[in-house]
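S.K.: Handing you a structure now.
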Amino acid sequence: MTLKPLVAYKVPFAMPDKLLYIETFGCQMNVNDSERIVTMLADLGYAPTGDPAFADMILLNTCSVRGGAEEKVYKRLANLRIYKRDGKSQIIGVGGCVAQQEGEELLKKFPYLDLVFGTHNLHLLPDMVRGAERGERRSETSFIDNDQRLDLFPSIKGQTRLSRFVTVMQGCDNYCSYCIVPFVRGREISRRSADILDEVRQLADEGVREVVLLGQNVNSYGLKSDNEPTFAELLRMVAEISGIERIRFTTSHPRDMSDELIACFSDIPKLCGQIHLPAQSGSDDVLKLMKRGYSRSSYLERVQKLKESRRDIAITGDIIVGFPGESDDDFEQTLSLLEEVRYIDLFSFIYSSRPGTKAAEFHEELTRAQKITRLDRLMELQKRITREICQTYLGSIQKVMVEGVGKRPAQVSGKADNGRIVNFSGDSGLIGSFVDVRITQAYQNSFLGEQI
Ligand code: SF4
């Protein structure tokens, strides 16, 4: 998934004398890192711009989770050459997972590139940028010890929005056989709960009303530390912070979805009724090959408990289609999993081999065309399920956190508790408030409603 360039920031701190254009690829972790970068570089006088042609510095924050995403980054990098203006020291840099993976090689491949910074090196960026302003080219991609990393979470300031990400952990120790994340993001680390709670309190003071707790596998937060709470305990602590009205979290690993965490959905009213629980496959044989650490039945048992804990919980998931060894029967089992879980939305992908992972050694039998056929069937089925679920909301009253103007004139837009976008007629003065809205139309990706 390619995300739009991040342009919606207020100009923070001192008067800017330079402009920064940053383009973010991939997941919410990268979006969150880009927000940190904007904060850090504001201290050096850089303010965000949405137009690379006017920028004094262009940064790409990259993703390598699938081959297609990586190719997009290379294409974009090749295009950036046109922005390197003669006689003007425009800086071009690459961060994130592709930077981590390729390091110094990127500087060799793209002679107009100035900076390469890996996933553990954000804190070095201000120093690297100062060097680049003097004409130095530099690559930093070393992994850092977890002890040191705990002190190196740059904070995000000066970007007033109602909803904000808060990183609670980073990295992953799971080594699912297809996944590049442990190689490019490093070992799992949980932030200190005291730092997380301080950050959330500060956000609440700045007017943030919703926090999304973020990590590659938030469920395993604190499990490897004697001094930190479990993720369920952390949720309860965050819920105590006044001013914060809504809490969401992502991403969850089904294996680490404890009963204690599931109980939070019935006990914590501030915790929104939405969960992203990637299954990846509905077949036990494929799940084993993927090294996911759970079975179809244990996944379904977690789903059932979640539905018991919060009756109307909206579940989203990820499915990989065409994993090496996935038979027709395996695929049929994945389709039937969709029917059983009834995801409100699904992110589905064709398997993409990533160099260095275990699955890259597996023999692939399916042709590209066969994989596309499977993906089409899966998406068709999901479309129907989404439509059926969304229809059940017609006439219901949803509490909407109004976050901005809608696409149509005199319309505002926000999120329901289940995470769906709701548009309704209203004045922009409603932005920032919670409004009860009756749902009148249910579309594939959003609802239309009327204020009651
Ligand atoms: S849990 Fe598996 S899929 Fe998720 S980040 Fe870790 S290794 Fe990748």
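The values are calculated or read from the model by the stated rules, or taken from the named source; none is laboratory data. Since the model is a prediction, treat every value here as computed from it, not as a measurement. Cβ placement follows ideal geometry from the backbone for every residue including glycine, while neighbour counts extend to all protein chains displayed.
S.K.: Among all residue pairs at least 6 apart or on different chains, which show Cβ distances below 9 Å where the first residue, located in the range 213-228, is within 14 Å of the ligand (Cβ to nearest atom) and the second is among the hydroxyl-bearing types (Ser, Thr, Tyr) and part of a helix (DSSP H, G or I)?
M.R.: Close Cβ pairs satisfying both conditions: TYR221/SER193.
S.K.: Right, GLY449: at pLDDT 95 or above, closer than 22 Å to GLN274 by Cβ and crowded, with 20+ Cβ neighbours inside 10 Å or not?
M.R.: yes
S.K.: To continue, here is another question. When the range 241-254 is examined, which residues are found to be of a type in the set (Ser, Thr, Tyr) and within 14 Å of the ligand (Cβ to nearest atom)?
M.R.: Once the filter is applied, which keeps residues that are of a type in the set (Ser, Thr, Tyr) and within 14 Å of the ligand (Cβ to nearest atom), the range 241-254 yields THR250, THR251, SER252.
S.K.: Now, a different point. Please work out if GLY95 is small (Gly, Ala, Ser), more than 20 Å from ALA42 (Cα to Cα) and in contact (Cβ under 8 Å) with a residue 40 or more places away in the chain.
M.R.: Against the criterion (small (Gly, Ala, Ser), more than 20 Å from ALA42 (Cα to Cα) and in contact (Cβ under 8 Å) with a residue 40 or more places away in the chain), GLY95 does not qualify.
S.K.: For the range 164-201, give me each residue that is of a type outside the set (Ser, Thr, Tyr), surrounded by 20 or more Cβ atoms within 10 Å (Cβ to Cβ) and within 15 Å of ASN219 (Cα to Cα).
M.R.: Matches in the range 164-201: VAL166, VAL168, MET169, GLN170, GLY171, CYS172, GLU188, ILE189, ARG191.
S.K.: Let me ask something else about it. Report yes if some residue within the range 43-63 is over 19 Å from LEU19 (Cα atoms), surrounded by fewer than 22 Cβ atoms within 10 Å (Cβ to Cβ) and in contact with a strand residue (DSSP E or B) (Cβ under 7 Å, 6 or more places away or on another chain); otherwise report no.
M.R.: No, because not a single residue in the range 43-63 is over 19 Å from LEU19 (Cα atoms), surrounded by fewer than 22 Cβ atoms within 10 Å (Cβ to Cβ) and in contact with a strand residue (DSSP E or B) (Cβ under 7 Å, 6 or more places away or on another chain).
S.K.: While we're looking at this one, here's another question. Which condition breaks for VAL200 when tested against (1) within 16 Å of the ligand (Cβ to nearest atom); (2) part of a helix (DSSP H, G or I); (3) over 21 Å from CYS97 (Cβ atoms)?
M.R.: Going through the list (1) within 16 Å of the ligand (Cβ to nearest atom); (2) part of a helix (DSSP H, G or I); (3) over 21 Å from CYS97 (Cβ atoms), VAL200 breaks only (1).
S.K.: Which residues, taken from the range 218-241, are touching a strand residue (DSSP E or B) at 6+ places or on another chain (Cβ under 7 Å) and of a type outside the set (D, E, K, R)?
M.R.: Hits for the range 218-241 are VAL218, TYR221, GLY222, SER225, LEU235, VAL238, ALA239.
S.K.: Considering the range 193-247 alone, what residues qualify as being touching a Cys at 6+ places or on another chain (Cβ under 8 Å) and β-branched (Val, Ile, Thr)?
M.R.: Residue satisfying the conditions is ILE247 alone.
S.K.: While we're on this one: What are the residues in the range 285-299 that are surrounded by 16 or more Cβ atoms within 10 Å (Cβ to Cβ) and either within 16 Å of the ligand (Cβ to nearest atom) or not in a helix (DSSP H, G or I) (or both), if any?
M.R.: VAL286, LEU287, LEU289, MET290, ARG292, TYR294, TYR299
S.K.: Checking the conditions here, which among GLN148, GLN101 is modelled with pLDDT of 90 or more, more than 19 Å from TYR21 (Cα to Cα) and under 27 Å from the mean Cα position of the chain (by Cα)?
M.R.: Sole residue among the options that is modelled with pLDDT of 90 or more, more than 19 Å from TYR21 (Cα to Cα) and under 27 Å from the mean Cα position of the chain (by Cα): GLN101.
S.K.: What number goes with the only condition from (1) within 16 Å of the ligand (Cβ to nearest atom); (2) assigned to a loop (DSSP other than H, G, I, E, B) that ARG161 does not pass?
M.R.: Going through the list (1) within 16 Å of the ligand (Cβ to nearest atom); (2) assigned to a loop (DSSP other than H, G, I, E, B), ARG161 breaks only (1).
S.K.: Within the range 240-286, restricting attention to residues that are of a type in the set (Ser, Thr, Tyr) and under 18 Å from VAL208 (Cβ atoms), which residue is farthest from the chain's Cα centre (by Cα)?
M.R.: Checked the range 240-286; the qualifying residue farthest from the chain's Cα centre (by Cα) is SER242.
S.K.: May I ask you to list the residues in the range 341-380 that are assigned to a loop (DSSP other than H, G, I, E, B), aliphatic (A, V, I, L, M) and within 23 Å of the chain's Cα centre (by Cα)?
M.R.: Matches in the range 341-380: ILE344 only.
S.K.: Can I ask one more? Does VAL208 qualify as being assigned to a loop (DSSP other than H, G, I, E, B) and within 23 Å of the chain's Cα centre (by Cα)?
M.R.: yes
Listed here are the residues, each with its yes/no results for (1) in contact with an Asp or Glu (Cβ under 9 Å, 6 or more places away or on another chain); (2) more than 26 Å from ILE389 (Cα to Cα); (3) away from the ligand (no atom under 16 Å from the Cβ).
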residue	(1), (2), (3)
LEU235	no, yes, yes
ASP256	no, yes, no
GLY273	yes, no, yes
SER283	yes, no, yes
GLU301	no, no, yes
GLU308	no, no, yes
ILE313	no, no, yes
THR316	yes, no, no
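S.K.: Could you grab the pairs with beta carbons closer than 8 Å, sequence gap of 6+ or different chains, first residue in the range 170-181 and among the aromatic types (Phe, Trp, Tyr), second one modelled with pLDDT under 95 and near the ligand (Cβ under 7 Å from one of its atoms)?
M.R.: TYR175/PRO182
S.K.: Additional query: Taking into account only those residues within the range 164-181 that are assigned to a loop (DSSP other than H, G, I, E, B) and in contact with a strand residue (DSSP E or B) (Cβ under 9 Å, 6 or more places away or on another chain), which is nearest to the ligand (Cβ to nearest atom)?
M.R.: Of everything passing the filter in the range 164-181, CYS176 is nearest to the ligand (Cβ to nearest atom).
S.K.: Could you run through the range 401-452 and say how many residues are in a strand (DSSP E or B) and of a type in the set (Lys, Arg)?
M.R.: The total comes to 2.
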